[in-house]
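Quick notes on the structure that follows.
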Amino acid sequence: MVAARYGAGMGKDKFWRIYAKHRARDEFDRVSGENASDDWQINQAGFRMDAQMSSADDFTLQGDIYDGHIHQDLYLYSQASPYMDEFPVKTKVFGGNIMGRWTKILSGTSEMSVQMYYDVMHRSEDMLNEDRHNFDVEFQHRFGLGLGNDIIWGLRLRHLYDDYSGSKVAYMDPINKRNLLYSAFIQDEISLLEDKIKLTIGSKFEHNDYTGLEIQPSTRLLWTPGEHHRVWAAISRATRIPSRIEADAIVYLSGTDITGSPFPLYTRFVNNKDQSAETLWSWEAGYRFIPQQNLSIDLALFFNDYQNLRIYSPQGSAYFDDESQMLIQDVGLSNMSNAQSWGAEISVDLATSRKVKWTLAYSLTFHDYDNDEDFEIDFGFTKHQISLRGRFDLTKNLTLDAWFRYVGKTKANDVFSDTLIYEIDDYVTLDLRLGWKIRPDLEFFLTGQNLLQDSHLEFVQEAFSYPVEVPRSAYAGLTYKF
């Protein structure tokens, strides 16, 4: 990565900064050891200006532009035997955004803000070309009520417009679409028992064009029984609405020969316009112990209840399409799964000296799926995760950062597997960063990532590409601040 930043004052009450950066990433490797041909690079630049227009009025204006390209080898359906083939695909992306925000202080306990945001994006690739425009306006108001209430409320309106041009692999119906999302929220932070207890209650009310009105309430409680102790608990509800792809796309996933048949069988994803929102009820509780200034211990317990999760399921039996002269098996997303996850997390922050600091974290997660009919799935959760971070000030100008982590095995959804499930093994890895501050405004750094293995698998895409592994890597950089 190459980056440059510049900031300066524009008078007593105005400040601005600009930046530009270039990032590039070489190819990863497939599990088989072959080159995955998935290198990419992106160029990005932007600015930010902050102005204090009066003692009560602040204004911020910022924007970004970017362009880049992504190389991929995608495994797509073909109209000739063996009806699946690998195609090199180059994706071109570019876009930009601009945001303005005005904040006004109304009194010592009250302020309001208005923010407007516009974003445009273009993505061009062989499968599907996309143009998207987002316009967003948001209003917030915070005020105190009495001696123990801090209330914040707001309104938001988002307009989205997209336009797609498809291919034989994927297309949208309709090609272009407008979506309107509007929401309101309110939250009250209540202080009790001389600020020893803080109760925060509120809710978000959001309407979208896919599932209608969604209500997402939240309640949080913080109790400070003593100087060294914190106890907290929370209950909240969250929702995930269908995406444009899930609601309106038709995608050919794979093709195969059928023994004894002159026609191939193609598996095709078809949209489902009648989906419900996925919902989550989350219960959390925690305790923080601060026995001394250089040591803190956090323990958290959680239980998550997921409802109406979407899973792939066959849409009837395979049928023969006269126009394309092929057998087709349609699959779609349906709200046929529920799940629960529960567990605990513990973290310890310790400074053994002024020059050495440690952070140790461990999480333990259990899960259970409850699926309708015979569509069994079991993926997405890692049972054990361990993280150990250390920072060492070796000299006045030389620092070393280390990050050791263990991630337990898990499973992913993969359409190329006979069982639709791919096993991801556990892995252990280590990152190191050595920084040398040559002078106050100039630093040289050397970073090594994933140093304990040649490569390891972290993620599997559902379709279109085979699994790729994250390799061992190293890079150097120079940071100059002016």
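So for segment 167-184 (the condition being over 30 Å from M127 (Cβ atoms), buried (at least 16 other Cβ atoms within 10 Å of the Cβ) and not hydroxyl-bearing (S, T, Y)), does at least one residue qualify?
no
Exactly one of these conditions fails for V470: (1) in contact (Cβ under 8 Å) with a residue 40 or more places away in the chain; (2) assigned to a loop (DSSP other than H, G, I, E, B); (3) aliphatic (A, V, I, L, M). Give me its number.
(2)
Would you point out which residue out of G477, G448 is open to solvent by less than 50 Å² (accessible area, probe 1.4 Å), over 25 Å from I386 (Cα atoms) and part of a strand (DSSP E or B)?
Residue meeting the stated conditions: G477.
Only residues that are at pLDDT below 90 and open to solvent by less than 70 Å² (accessible area, probe 1.4 Å): list them for segment 1-23, please.
Across segment 1-23, the qualifying residues are A3, A4, G7, A8, G9, G11, D13.
Within the group L394, L327, L333, which residue is on the phi < 0 side of the Ramachandran plot, in contact with a helix residue (DSSP H, G or I) (Cβ under 9 Å, 6 or more places away or on another chain) and either touching a residue at least 24 places away in the same chain (Cβ under 8 Å) or open to solvent by 80 Å² or more (accessible area, probe 1.4 Å) (or both)? Talk me through it step by step, then tell me what you get.
Details: L394 fails: in contact with a helix residue (DSSP H, G or I) (Cβ under 9 Å, 6 or more places away or on another chain); L327 fails: in contact with a helix residue (DSSP H, G or I) (Cβ under 9 Å, 6 or more places away or on another chain).
The match here is L333.
State all residues of segment 111-130 that are within 19 Å of D57 (Cα to Cα) and of a type in the set (S, T, N, Q); if no residue qualifies, say none.
S113, Q115
Take Y406 and decide whether it is part of a strand (DSSP E or B) and surrounded by fewer than 16 Cβ atoms within 10 Å (Cβ to Cβ).
Taking the combined requirement at face value, the residue satisfies it.
In the set D431, D414, D425, D418, which member is open to solvent by 30 Å² or more (accessible area, probe 1.4 Å) and either in contact with a strand residue (DSSP E or B) (Cβ under 7 Å, 6 or more places away or on another chain) or farther than 26 Å from E345 by Cβ (or both)?
Exactly one of D431, D414, D425, D418 is open to solvent by 30 Å² or more (accessible area, probe 1.4 Å) and either in contact with a strand residue (DSSP E or B) (Cβ under 7 Å, 6 or more places away or on another chain) or farther than 26 Å from E345 by Cβ (or both), namely D418.
Restricting segment 273-297 to residues that are surrounded by fewer than 17 Cβ atoms within 10 Å (Cβ to Cβ) and under 25 Å from the mean Cα position of the chain (by Cα), which is farthest from A247 (Cα to Cα)?
A285
Counting only residues that are more than 30 Å from D322 (Cα to Cα) and among the polar types (S, T, N, Q), how many does segment 227-285 have?
Qualifying residue count, segment 227-285: 6.
Y252 - would you say it is surrounded by 14 or more Cβ atoms within 10 Å (Cβ to Cβ) and outside any strand (DSSP E or B)?
no
Starting from segment 427-448, keep only residues that are in contact (Cβ under 8 Å) with a residue 24 or more places away in the chain, then list their pairs with residues that are assigned to a loop (DSSP other than H, G, I, E, B) and open to solvent by less than 30 Å² (accessible area, probe 1.4 Å) whose Cβ atoms are within a distance under 6 Å, requiring at least 6 positions of separation or different chains.
Within 6 Å, the pairs are T429/N450.
So for segment 139-154 (the condition being without any contact (Cβ under 8 Å) to a residue 40 or more places away in the chain and within 30 Å of V251 (Cβ to Cβ)), does at least one residue qualify?
No; the residues of segment 139-154 include none that is without any contact (Cβ under 8 Å) to a residue 40 or more places away in the chain and within 30 Å of V251 (Cβ to Cβ).
If N308 meets every condition in (1) within 26 Å of T382 (Cβ to Cβ); (2) in contact (Cβ under 8 Å) with a residue 40 or more places away in the chain apart from one, which number is that one?
Every listed condition holds for N308 apart from (2).
Could we say that D85 is within 23 Å of D162 (Cβ to Cβ) and either touching a helix residue (DSSP H, G or I) at 6+ places or on another chain (Cβ under 7 Å) or at pLDDT below 95 (or both) here?
No, not satisfied.
The values are calculated or read from the model by the stated rules, or taken from the named source; none is laboratory data. In this text the structure is predicted, and so the values were computed from the model without any measurement. Using ideal geometry, Cβ is built from the backbone for each residue, glycine included, and neighbour counts are taken over all protein chains shown. The accessibility values were calculated without ligands, DNA or RNA, using every heavy atom of the protein model including side chains. Shrake-Rupley method; radii C 1.70, N 1.55, O 1.52, S 1.80 Å.
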